[in-house]
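Presented below is the structure to which this report refers.
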Amino acid sequence: MLIAGPLQIFIESHGWRGAAFYAAVSQWVSDLANVKPLLDTPIGVEVTEKASEKWPLLFLMNHSDFEKTVKLNSEFYDLLDSEKAVSGTLTLVAKEVSILLPSG
């Protein structure tokens with residue numbers, strides 16, 4: 001069998017179907033490829049990076065109907081809020097978008 005380790009144990013216990021299976025496969029593939037998230041975001045918040053030679057921007061989108069708080073891993077400038085410096089956490093109200101530029 002090509003699948004080994006925790007994913008194989010999961011499949012033997014829970015089968016090949018359902019959201020839990022796809023979450024386990026996604027995690028397994030991400031671990032194999034050493035894929036790391038850009039930021040630790042809560043459910044409903046999407047983060048995307050758009051990088052050019054000069055400007056690595058992070059786009060944060062709160063798709064939910066609730067306020068969400070995102071943990072930041074360094075200091076950024078919030079380009080949609082008067083280029084205010086933000087660090088630690090960033091709170092997004094429902095459906096809010098933020099564009100962040102790393103300060104360093």
Using amide H atoms built in the peptide plane, which far-off residues or other-chain residues are under 5 Å from S64 H to H?
K95
The ³J(HN,Hα) series, computed from each phi in segment 95-100 with the Karplus coefficients 6.51, -1.76 and 1.60 at θ = phi - 60°, rounded to the nearest Hz and given as x for glycine or proline, is 6, 7, 10, 9, 10, 10
Would you list, by chain and number, the aspartates and glutamates whose Cα falls below 20 Å from the Cα of K84, excluding same-chain residues fewer than 8 positions away?
E49, E67, E75, E96
Could you run the Karplus curve 6.51 cos²θ - 1.76 cosθ + 1.60 with θ = phi - 60° over segment 24-40 and give me ³J(HN,Hα) per residue in whole Hz, x for Gly and Pro?
5, 5, 4, 5, 4, 5, 4, 5, 4, 8, 6, 7, 10, x, 5, 9, 7
Could you list which residues have their amide H under 5 Å from that of L57, counting only those 5 or more apart in sequence or on another chain, with H placed in the peptide plane?
K50, A51, S52
Could you tell me how far the Cα centroid of segment 66-100 sits from the Cα centroid of segment 23-57, in Å?
17
Give me a comma-separated list of calculated 3J(HN,Hα) values for segment 72-82, in order, Karplus coefficients 6.51, -1.76, 1.60 applied at θ = phi - 60°, integers in Hz, x for any Gly or Pro.
9, 9, 6, 8, 9, 9, 8, 6, 9, 10, 6
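Just so you know, all these numbers are worked out from the coordinates, no wet-lab data involved. This structure is a prediction, so every number in the text was calculated from the model and none was measured.
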